[in-house]
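Down below is the structure, laid out as structure tokens.
The values are calculated or read from the model by the stated rules, or taken from the named source; none is laboratory data. All values derive from a computational prediction rather than experimental measurement. No Cβ is skipped: glycine too gets one built from the backbone with ideal geometry, and neighbour counts run over all protein chains shown. Remember, those area values only see protein heavy atoms, side chains included, never the ligands or the DNA or RNA. Shrake-Rupley method; radii C 1.70, N 1.55, O 1.52, S 1.80 Å.
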Amino acid sequence: MKRRFATASTLLALVLGFGTLPAAATPSGTSPASTTTALAAPDISVTAVRAHLDELSAAASRNGGNRRSTSQGYRDSVAYVKGRLQAAGYTVTEQPCTSGCTSGAGPNLIAEWPRGDANSVYMFGAHLDGVSAGPGMNDNGSGSAALLENALTLARENPDMRNRVRFAWWTDEEQGLNGSYFYARTLSSTERAKIKAYYNFDMVASLNGGYFINHITSAAATPMKAYWDSLGLQPEENTEGAGRSDDYSFERYGIPTSGYAMGASARKTSAQAAKWGGTSGSAYDPCYHRACDTLANINATGLDRAADGIAYTLWQQAVGTGGGGGTCDPAGAVGNGGFESGTAPWTGTTAVIAAHTGRTAHGGTRFAWLGGNGSTSTESLSQTVTVPADCTRASLVFWLQIETAESGSRAYDTFTVRVNGSTVATWSNVHAGGGWVQRSADLSAYAGQTVTVTFTATEDYSLQTGFLLDDVSLQSA
């Protein structure tokens, strides 16, 4: 979050949802994971979020100890986020800030999930840059990492979508909200009108923080508040953040905004300490804009709750509610989806279809085993599928088991689903484990068309990842 600059009294009060709570102060009988499940949104792994923070910290360490927008540390941060998004199947755009930004500032990074109504966009953003004093792990590695894992979870879950979701990682926020303002002001009025709400996440892991929400009584804030209310956290409006982060760039153009954060240099009151734990009279973030804003300056409890609240908000605002497609009847659209009847009508690397020794099929005795070679290779299976015209919602549903010798959070080997050559879903060695897992890819956009569906496994030069595929079907929900 940038430092406060002098602003006119007419500035609308923006609230940065700040949330941190010592484990001992967790309300009895509630937990982020269990409540998120009850509210029908995925639980975001705080371990995965912290793995992203590790990478951002490493980027700073390699480059003078900071990730300022003009530095190589920032450009390395952009490269990491972009690489993870691309591996998950996103088309990612680097937007140079050609006016109004600090000379030499790196780009904004924009990624949109290509499902749902393109005229109804919910946007989620965080600034990726930091100050020159330190690595910027809370400000704002925390918001950037939580946002990234939410984007990756959306791709992995691949649910039906009512509305579009667009993610952004902003440049040059610390120098005056410059990257986000460039983006907002260069949109046409038509494109701005498509954005129904913008959600901002700036400092969501302050060690001594509180739970605050931008415009807490607004319609945009309703799902954000509902999630934290479900944990008994009693969030508050954050006046400290008014006009100080990237949500203000959107608010200047009349776009509704909300968001979470955990606090900067303002001090926690005794009432807040009694409610949330922590130390009254001390700053929410004792390392705000300082060299000590390192990985040790991260509150995992608050980070977890913010990440899960983002997911709940995203699911509430954009994800479909399920259900059939009227008279849509896609039964039989996929031929030999269980691979029990030889190889036809599948084409490609059909030798991967068999009753493989040492593995059990999801159903029947046969399945397709793509990859698992431990060397540079590409194997694929394709067939043409007709999506009935009356299927307003149609999903390609299948069971996938991923086994790997790889380790860590980098995608080395990938499994993609393509329709007419365009990638619609991607998984990788990162998603290994758990046995057979049902996966899906949205084909609603192809209603009334006959398309070529292709499953492709691509491995790099070493360490195998096997992608076991079975029971492929087209469904109306």
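Over the chain, what percent of the accessible surface lies on carbon and sulfur atoms, probe 1.4 Å?
Details: 8410 of 16930 Å².
Answer for the chain is 50 percent, counting heavy atoms of protein chains only.
The residue among 273, 434, 415 whose Cα reaches farthest toward the positive pole of the charge dipole of the chain, with charges on the beta-carbon of Lys, Arg, Asp and Glu, is 273.
Computed from backbone phi with θ = phi - 60° and the Karplus coefficients 6.51, -1.76 and 1.60, the 3J(HN,Hα) list for region 349-363 is 7, 5, 5, 6, 8, 5, 8, 6, 5, x, 9, 10, 5, 5, x Hz; x is used for glycine and proline.
Dipole check for the chain: with +1 at the C-beta of Lys and Arg, -1 at the C-beta of Asp and Glu, and the Cα centre as origin, the magnitude is about 860 Debye. Starting from the Cα gyration tensor of region 241-280, take the square roots of the eigenvalues, sort them a ≥ b ≥ c, and report rounded, prolate or oblate (rounded when a/c is under 1.5, otherwise prolate if a/b is larger than b/c, else oblate). Prolate, because a/c is 1.5 or more and a/b exceeds b/c.
Residue-wise HN-Hα couplings along region 103-114, as the Karplus relation 6.51 cos²θ - 1.76 cosθ + 1.60 with θ = phi - 60° gives them from phi, are 4, x, 5, x, x, 6, 10, 10, 9, 10, 7, x Hz; Gly and Pro carry x.
Among 298, 262, 450, whose Cα projects farthest towards the positive end of the dipole of the chain, with charges put on the beta-carbon of Lys, Arg (+1) and Asp, Glu (-1)? Going by the Cα projections, it comes out as 262. Once you order the gyration tensor axes a ≥ b ≥ c over the Cα atoms, which shape class does the chain get: rounded for a/c under 1.5, otherwise prolate or oblate by comparing a/b with b/c? Prolate shape, in that a/c is at least 1.5 and a/b is the bigger ratio. Dipole orientation for the chain: of the candidates 287, 338, 230, 287 has the Cα lying most toward the positive pole (charges on Cβ; Lys, Arg +1; Asp, Glu -1).
Which value, in Å to one decimal place, does the Kirkwood hydrodynamic radius take for region 199-250 when every pair of different Cα atoms is included?
Details: mean 1/r = 0.0854 Å⁻¹.
It works out to 11.7 Å.
Cα centroids of region 330-355 and region 40-110: 41 Å apart. Every helix of 4 or more DSSP H residues in the chain counts as -39500 (n - 2.57), and over all residues that averages to -7000 deg cm²/dmol at 222 nm. Enter the Cα centre distance for the pair region 360-392 and region 234-287, rounded to the nearest angstrom. Their Cα centres are 48 Å away from one another.
The lysines whose alpha-carbon is closer than 27 Å to the alpha-carbon of residue 82, local same-chain residues fewer than 8 away aside, are 2, 194, 196. Note on residue 117: accessible area approximately 70 square angstrom, rounded to 10, probe 1.4 Å, nucleic acids and ligands left out. Under the criterion of Cα pairs below 8 Å and six or more residues apart, the relative contact order for region 53-186 equals 31 percent.
For residue 268, a cut-off of 16 angstrom between C-alpha atoms picks up no lysines at all, skipping any fewer than 8 places away in its own chain.
Using a simple charge model, +1 on the beta-carbon of Lys and Arg, -1 on the beta-carbon of Asp and Glu, nothing else, what dipole does region 389-477 show about its Cα centre, in debye to the nearest 20?
Here region 389-477 has a charge dipole of around 240 debye.
Summarising the amide proton neighbourhood of residue 95: residues at separation of 5 or more, or on other chains, whose placed amide H is nearer than 5 Å comprise 108, 109, 110. Measuring only protein heavy atoms, the 1.4 Å probe finds residue 170 accessible over about 0 Å². The largest accessible area among 157, 191 belongs to the first residue in 157, 191, and the rest follow in falling order (1.4 Å probe, all chains). At the residue level, residue 334 shows approximately 20 square angstrom of accessible surface with a 1.4 angstrom probe and all protein chains present. With a Förster radius of 56 Å applied to the C-beta separation of residue 300 and residue 344, the computed FRET efficiency comes to 0.60.
Within the chain, the selection of entire DSSP H helices by a Cα span of 30 Å or greater along the long axis and an average Kyte-Doolittle value of at least 0.5 returns an empty list. Under a model in which nothing but the beta-carbon of Lys, Arg (+1) and Asp, Glu (-1) is charged, region 40-152 shows a dipole of about 260 debye around its Cα centre.
The mean sequence separation of alpha-carbon pairs under 8 Å and at least six residues apart, normalised by the residue count of region 190-342, gives a relative contact order of 30 percent. Across the chain, the mean sequence separation of Cα contacts (distance under 8 Å, 6 or more residues apart), normalised by length, yields a relative contact order of 19 percent. Overall form of region 287-379: oblate. Here a/c, set by the Cα gyration tensor axes a ≥ b ≥ c, is 1.5 or more, and a/b is not larger than b/c. Amide H contacts for residue 120 (H built 1.01 Å from N in the peptide plane; partners 5 or more residues away or on another chain; cut-off under 5 Å): 164.
Between residue 191 and residue 226, the FRET efficiency estimated from the beta carbon spacing at R0 = 41 angstrom works out to 0.90.
With the other protein chains left in place, how much accessible area per residue, in square angstrom, belongs to the chain at a 1.4 angstrom probe?
Per residue, the chain has an accessible area of 35 Å².
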